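Notes follow once the structure below has been shown.
Computed from the coordinates by the stated procedures, all read-outs in this text should not be read as laboratory data. Every value quoted in this text rests on a predicted model; they were computed, and no experiment measured them. Don't worry about glycine lacking a Cβ; one is built from the backbone with ideal geometry, like all the others, and counts go over all protein chains shown.
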Amino acid sequence: MSSDDEQSAGPEAGVPEQLALIRETVRRAKVPRAKPRTWRGAALAKELPVARVLVNKGVLHLDQYFDYAVPEELDADAQPGVRVRVRFGAGGRNVRDGRREGGGLIDGFLVERVAESDYQGALAALASVVSPEPVLGPELLALSRAVADRYAGSLADVLQLAVPPRNGRAESKPSPEPLPPPLAPLPGSWERYGQGTAFLRALAEGGAPRAVWTALPGPHWPQEIALAVAATLSSGRGALVVVPDGRVAGRVDAALTQVLGAGRHALLTADSGPEKRYRQWLAVRRGSVRAVIGTRAAMFAPVADLGLVAIWDDGDSSHSDDNAPFPHVREVLELRAAHGRCGFLLGGTSCTVEAAQLVESGWALPLSADRERLRSAAPLIRTVGDGELARDGAAKAARLPSLAWQTVRDGLRGGPVLVQVPRRGYAPRLACERCRTPARCRHCAGPLEAPDQQDLDCSWCGRAERAWHCTACGSTRLRAQIVGARRTAEELGRAFPAVPVRTSGRDHILDAVPGEPALVISTPGAEPIAEGGYAAALLLDGWAMLGRPDLRAGEDALRRWTAAASLVRGQDEGGTVVIVAEPTLRPVQALVRWDPAGYARRELAERAELGFPPVSRMASVTGPVEALAGFLATAGLPPEAEVLGPVPVPSAEPGRPRRPWDAPPGETWERALIRVVPGRGAALAAALKGAQAARMARGGGDPVRIRIDPPDIG
DNA sequence: AGCACGCCGACT
DNA sequence: GTCGGCGTGCTC
């Protein structure tokens with residue numbers, strides 16, 4: 001067949017080192033590189049006949065490009081950024097008879113067209129161009145690369161998250177004509193914040209302000225986000241807003257439509273379906289639309305000339321992607337803001353430790369209202385210790401302390417009353433009913449659980465406990481499990497028979513309720529908006545929210561409480577919130593003072609003292625015992641890296657949903673935590689990535705799982 | 001990851 | 001002599 005095949009300078013099996021040496025020498029000597037030859041000697045593109053392709057083969061050894069020859073007939077379509085199909089695989093090396101095409105067809109992205117290839121062998125030709133749509137532009141590629149580096153993951157993995165799957169029908173439709181930039185908006189309710197007007201003006205003037213925004217309670221924040229977007233658009237730049245879920249996205253979408261009119265922004269959420277979603281994404285990529293509101297995956301939206309990235313409620317766990325390499329929206333948007341002149345807005349009714357750190361380090365400025373403004377916008381918060389029981393018969397039936405009971409009764413005279421109840425199964429630990437000491441296994445001190453609400457089992461060692469008694473006070477009674485929203489609804493409904501009861505929870509989430517008196521029972525995060533605001537709210541079972549064995553338990557509880565309390569009228573209008581939780585606890589006090597930023601600052605100081613994230617950067621490495629040991633021994637970690645453990649990790653617990661970092665059932669895995677000081681995170685990620693790559697290339701043993709910023713250390 | 005190439009021992 | 005074990009290394 002082709003003489004090219006016989007003259008192939010391809011790798012000779014058996015002398016790889018020599019070959020590598022030769023290649024090195026050749027390169028250094030600047031010997032003119034071989035012009036591309038294909039296996040069949042097909043006609044090639046006249047200009048830039050080499051395509052650098054990122055092969056989409058998941059966890060391949062290394063992130064590297066492979067060169068392919070561009071056949072003449074694909075020349076026009078094979079532009080940088082398009083999806084291509086190529087032959088890839090060892091079979092392709094069987095060149096002797098020239099008959100084997102070898103390798104299977106796999107997908108890839110054409111990254112770049114160049115004149116010559118570094119590769120010494122004969123190039124295979126691109127098999128086809130999937131579509132001429134250039135979906136992977138240079139900016140998105142650079143961002144994906146940065147994210148892969150930040151999370152010690154592969155570029156291919158990140159691209160899977162960043163570029164939506166192709167849909168032919170969506171691609172064939174033209175995107176609408178872009179509208180001209182709008183005029184700069186008036187500051188509106190941003191005037192309520194000290195630096196609010198200045199922030200908006202900076203965006204409108206093409207600046208790149210960075211702010212951590214503690215939003216006032218009440219219904220104005222979607223509009224405030226929309227105004228920030230409008231200000232950015234008015235400067236001729238694009239804007240991107242990421243929120244935790246579709247419901248919130250819908251609210252901001254509505255506000256954007258109100259502020260910008262139709263056609264200037266795209267809504268990018270999972271629940272719009274693949275075709276519509278891809279159409280929206282294409283409209284953004286093609287520059288038809290310059291503003292994006294969306295959920296997690298929208299963090300990669302290819303908005304051109306970004307002037308603002310914004311995240312709402314960064315403490316919500318859905319901002320953390322659950323696919324490798326598990327990037328977090330806040331971190332990705334930070335990376336985006338760091339490139340070019342791009343503003344950054346992180347907002348919420350509460351404050352995460354990470355957000356506090358952005359302020360503490362001076363990277364972002366705080367954007368908040370003064371105490372006076374806050375006092376009138378926020379409801380009055382009252383606490384009642386959860387041991388305090390009602391005297392009133394009806395209150396007792398509903399298991400409510402009397403203050404809570406009165407608040408509900410009074411509130412119902414003036415409007416709807418919200419009752420926040422943790423989800424059933426949310427309480428991770430059983431505790432003594434009298435003294436709240438956690439119930440632990442007498443053999444291994446693991447937490448006890450009551451899977452069928454009858455018998456007690458240890459969730460670590462599985463042993464049954466038949467005769468539990470509290471080791472602290474001797475009581476034999478355990479705290480009842482969290483009562484689900486449904487049962488709470490039934491009981492409250494009986495206690496207030498004249499009032500309608502609505503529930504909102506996981507399977508059935510209400511978006512809004514009217515302003516008439518009603519009891520609205522909701523799990524955290526599912527609270528409907530009330531027209532005119534709730535007259536009162538009751539936050540139940542605070543002990544359960546705080547009892548989780550998690551570094552974030554306090555921060556998370558406070559976040560859920562402020563979110564619910566923000567839906568209640570300000571105390572000017574008589575809005576009241578009663579929280580049933582120990583008033584001496586710090587998160588409870590932070591709620592009473594409405595000072596989430598102060599709480600986060602204090603947490604941050606404590607984390608700094610203890611060397612916990614985010615003040616240090618942590619990575620977890622998980623895998624079978626020998627694999628993990630081997631990995632750690634050869635990883636070449638930065639000298640100051642501190643390895644904690646390894647300790648055994650429980651395999652996936654039956655019944656609980658399996659998380660990506662759980663060991664497969666029946667296998668014994670271990671986990672090591674690796675900690676470095678701030679500023680060495682990139683070096684740590686690079687070392688881990690390098691070690692993993694070396695491991696894969698050697699094909700040695702089981703792979704280990706690497707996770708930067710593991711969410712479950714506790 | 002696949003998959004071929006290659007260098008060793010037991011079979012028609 | 002040849003078939004096939006899996007150990008090594010490459011895939012443009």
Estimated vicinal HN-Hα couplings, Hz - the range A:677-686 in sequence order (Karplus 6.51, -1.76, 1.60; Gly, Pro = x): 6, x, x, 9, x, 5, 5, 4, 4, 5
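Gain in length, A:Ala304 to A:Arg463, computed as 0.36 nm per residue apart minus the alpha-carbon separation, to one decimal in nm?
51.4 nm
First select every other residue whose beta carbon is under 15 angstrom from the beta carbon of A:Ala377; then total the charges, Lys and Arg +1, Asp and Glu -1. Don't jump to the answer; show the numbers that get you there.
Details: positive: A:Arg192, A:Arg371, A:Arg373, A:Arg375, A:Arg569, A:Arg593; negative: A:Glu191, A:Glu224, A:Asp370, A:Glu372, A:Asp572, A:Glu573, A:Asp595.
That works out to -1.
Could you sort the peptides A:687-696, A:218-227, A:555-564 by per-residue average Cβ neighbour count (10 Å cutoff), highest mean leading? Don't skip to the answer; put the middle values down first.
Working: A:687-696: 19.5, A:218-227: 22.3, A:555-564: 24.6.
The peptides rank, most packed first, as A:555-564, A:218-227, A:687-696.
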Eligible aspartates and glutamates near A:Lys689 by straight Cα distance, threshold 16 Å, same-chain separation 8 or greater: A:Asp63, A:Asp149, A:Asp157, A:Asp702, A:Asp709
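Using the count of nearby Cβ atoms within 10 Å as a rough guide to exposure, how do A:Thr437, A:Thr488, A:Thr383 rank from fewest to most?
A:Thr437, A:Thr383, A:Thr488
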Whole-percent pair-distance distribution, where bins are 10 Å wide, for the alpha carbons of the range A:274-331: 21, 48, 30, 1
For the range A:285-305 and the range A:339-385, distance of Cα centres in Å: 25 Å
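First select every other residue whose beta carbon is under 12 angstrom from the beta carbon of A:Glu72; then total the charges, Lys and Arg +1, Asp and Glu -1.
Details: positive: A:Lys46; negative: A:Glu47, A:Glu73, A:Asp75, A:Asp77.
Once all neighbours under 12 Å are counted, the net charge is -3.
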Space enclosed by the convex hull of the alpha-carbon atoms of the range A:504-592, per residue, Å³: 94 Å³
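Using Cβ counts within 10 Å as a stand-in for footprinting exposure, how do A:Thr197, A:Thr295, A:Thr476 rank, fewest first?
Final ranking by Cβ density, sparse to dense: A:Thr476, A:Thr197, A:Thr295.
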For A:Ala537, residues with placed amide H under 5 Å, excluding near neighbours: A:Leu418, A:Thr576, A:Val577, A:Val578
Which of A:Leu200, A:Leu105, A:Leu123 has the fewest Cβ neighbours within 10 Å, and the rest in rising order: A:Leu105, A:Leu123, A:Leu200
Residue-by-residue Karplus 3J(HN,Hα) for the range A:166-179, coefficients 6.51, -1.76, 1.60, Hz, glycine and proline x: 6, 9, x, 5, 4, 5, 6, 7, x, 7, x, 5, x, 8
Backbone HN-Hα couplings from phi across the range A:311-323 [Karplus 6.51/-1.76/1.60, Hz, Gly and Pro as x]: 10, 9, 6, 5, x, 5, 5, 6, 6, 9, 5, 9, 10
